[in-house]
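Take a look at the structure set out below.
Computed from the coordinates by the stated procedures, all read-outs in this text should not be read as laboratory data. The model shown is predicted, which means the values in this text are computed figures rather than measured ones. Please note: Cβ atoms are built from the backbone with ideal geometry, for glycine as well, and neighbour counts cover all protein chains shown.
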Amino acid sequence: MFETISMIGLGYIGLPTATLFAARKKKVIGVDVSEHAVNTINQGKIHIVEPELDMLVRAAVHEGYLRATTRAEAADAFLIAVPTPFSEGHKPDLSYVRAATLSIAPVLAKGNLVILESTSPVGTTEQVAEWLADARPDLSFPQHASEAADIQIAYCPERVLPGRVVHELVANDRVIGGMTQKAARMASTLYETFVKGALIHTNARTAEMCKLTENSFRDVNIAFANELSIICDKMGIDVWELIKLANRHPRVNILQPGAGVGGHCIAVDPWFIVDSAPDEARLIRSAREVNDHKPEWVLEKIKSAIVSVLASAPQKTISDIKVACLGLAFKPDIDDLRESPALEITEKVAELGVELMAFEPNIDQLPDRLSRHRARMAPSLAQALTADVVVVLVKHKEIVSEKTNLLAHPTLIDAVGIA
Ligand code: SAJ
């Protein structure tokens, strides 16, 4: 039924998905606006970091099943996996989805299936169907012709964890939201090519909301932990011990406070619900605000520590103070710095005019944002420990393994609970 599959958007989700189809000997045409991405993939290499993916892409390209291009071509099924960021006022920005949709419109043909995978506000799949219907009046679409439509459309979100994408794309259950039941059945047939998890059918709007709900659930729960950490700090209680104790209750499972919520999903997706239901989504909005505030709170703690060091050494000025920030990535044991609260905090510390050392075992070079300032990579954790103020921002394994030395430091700010 699906001989040729086209993936629009070859990023963190699109490329692994395209590659898994190709690994099952489907002919896959990957489309991306970035010439760099297209050229890299066509050489059998990858432009993103994700375990196991390089090997799979190399095989798929060399065996001729995966090819990348900047222009959409005819196919049996089209999958769209492009970014959906938010713009001013946390309003969803659908411009990439619209551009991707319009790019496939000229090559659509009767019998095609179109699947939107991008995390999207409720109603986006119907919007995609409208854009396509406007662009192709010669074809019929599900909003008018239902199951008899020439083109079937579904919304099928991914739910994979960065760093485990290849494994989770295959193993996780998947929600298949058809604009019609026929669309859901067609999408299931397509994903059965490589998905071993269950494929569960619903309508497109519920599937859109399901993706947003999953990430909002996590955001709300992390906000609870972050709020507790701020309350406990005020009350002189060790939040990490408190959480361990509370989690001994059979029905309590509090997550871990940290430096804030980073990445491109959890800090974004809940806003799509808030935008759709601003008066009703009170808890979801508060959680976002609590988590967004956490880096500022950590920064205030660092500033207080610097003030204390200066007070105990009156001959020193701010430029004499050495601060070591441990961890820059958005979460433990990855090299991904995008939307990282740890990086945001470290940059603000550097802006204070201190001498800054950053320790990040997963990267070789300081990002530009930091190298602009008086900042350098700490060659080792031992070196970082010579700083006047040491701040733990990410629970990387290399940092936790040094916890005895870290906890002995006289001015340690631990945002993640290494003890
Ligand atoms: N974090 C905490 N405390 C915790 C757990 C996480 O502060 O107890 C922080 C992390 O340090 C990080 C942020 O939250 O800064 C997000 O990390 P994460 O591991 O919770 O999630 P992501 O962004 O890597 O991936 C999420 C996943 N969603 C859920 O777990 C519900 C993943 O399954 C989704 O596919 C992904 O978002 C996505 O693409 O939407």
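Annotations
- For the chain, size of Cβ-based charge dipole, Lys and Arg +1, Asp and Glu -1, in debye: 620
- Computed 3J(HN,Hα) for the range 273-280, one whole-Hz value per residue from the Karplus formula 6.51 cos²θ - 1.76 cosθ + 1.60 where θ = phi - 60°, is 6, 4, 5, 6, 9, x, 7, 8, glycine and proline marked x.
- The reciprocal of the average 1/r between distinct C-alpha atoms defines the Kirkwood hydrodynamic radius, which for the range 9-143 equals 15.6 Å.
- Stokes-Einstein, applied to the Kirkwood radius of the range 275-419 over Cα pairs at a viscosity of 0.890 mPa s and 25 °C, places its translational diffusion at 155 µm² s⁻¹.
- Normalised per residue, the volume of the convex hull around the Cα set of the range 35-92 (Å³): 133
- Options Ile243, Val298, Ser229, ranked by Cα towards positive dipole end of the chain, top entry (Cβ charges): Ile243
- Think of each Lys and Arg Cβ as +1 and each Asp and Glu Cβ as -1; about the Cα centre, that makes the dipole of the range 35-159 roughly 200 debye.
- Once both labels are positioned 7 Å from their Cα atoms along Cα-to-Cβ, the gap between Asp233 and Asp138 label points is 6.3 nm.
- Think of each Lys and Arg Cβ as +1 and each Asp and Glu Cβ as -1; about the Cα centre, that makes the dipole of the range 276-384 roughly 380 debye.
- Sorting the segments 74-85, 102-113 by their mean number of nearby beta carbons within 10 angstrom, highest to lowest, gives 74-85, 102-113.
- Binning the alpha carbon pair distances of the range 350-398 at 10 angstrom intervals from zero yields the distribution 25, 59, 16, expressed in whole percent.
- Normalised by residue count, the chain yields a Cα convex hull volume of 155 Å³ per residue.
- Between Arg174 and Ala198, Leu199, Ile200, the built amide H atoms are under 5 Å apart, and every one of these is 5 or more places off in sequence or on another chain.
- In plain terms, the residue of Ser95, Ser319 with the fewest other Cβ atoms within 10 Å comes first and the most crowded comes last, giving Ser319, Ser95.
- Sorting 210-217, 390-397, 273-280, 40-47 by their mean Cβ neighbour count within 10 Å, with the most densely packed peptide first, gives 390-397, 210-217, 40-47, 273-280.
- Within the chain, antiparallel bridges make up roughly 10 percent of the DSSP beta bridges whose residues both belong there.
- Taking the range 211-360 and dividing mean pair separation by its residue count, relative contact order in percent (alpha carbons under 8 Å, at least six apart): 24
- In sequence order, the range 140-148 has phi-based couplings of 9, 10, x, 5, 10, 10, 6, 5, 7 Hz under the Karplus curve 6.51 cos²θ - 1.76 cosθ + 1.60, θ = phi - 60°, and Gly or Pro positions carry x.
- Relative contact order [Cα under 8 Å, 6+ residues apart], the range 27-107, whole percent: 28
- Cα-Cα pairs of the range 158-256 separated by more than 18 Å (percent): 62
- Each residue in Cys156, Cys325, Cys232 was given a count of other beta-carbon atoms within 10 angstrom of its own, and listing them fewest first yields Cys232, Cys156, Cys325.
- For the chain: relative contact order, % (alpha-carbon pairs under 8 angstrom, 6 or more apart): 10
- Least to most buried among Met179, Met7 (fewest other Cβ within 10 Å first): Met179, Met7
- Cα lying deepest toward the dipole's positive end in the chain, options Val33, His373, Ala18, charges on Cβ: Ala18
- Residue-by-residue Karplus 3J(HN,Hα) for the range 227-243, coefficients 6.51, -1.76, 1.60, Hz, glycine and proline x: 5, 4, 5, 6, 5, 5, 4, 5, 9, x, 10, 6, 5, 5, 5, 4, 5
- By the Cα gyration tensor, the range 62-212 has an equivalent ellipsoid whose semi-axes, rounded to whole angstrom, run 22, 19, 17 from largest to smallest.
- Estimated FRET transfer efficiency when R0 is 51 angstrom, pair Ser319-Leu245 (beta carbons, to 0.05): 0.75
- 222 nm mean residue ellipticity, helices alone, for the chain (DSSP H n ≥ 4; -39,500 (n - 2.57); rounded to 500): -13000 deg cm²/dmol
- Over 22 Å (Cα to Cα) - which of Lys244/Lys303; Lys45/Lys397; Lys316/Lys348; Lys301/Lys322 fall in this group: Lys244/Lys303; Lys45/Lys397
- Highest-fluctuation residue, Pro295, Pro314, Pro332 considered, GNM on the chain with Cα pairs under 10 Å: Pro314
- Dimensions (Å) - the range 219-293, Cα atoms, principal axes, largest first: 38, 26, 23
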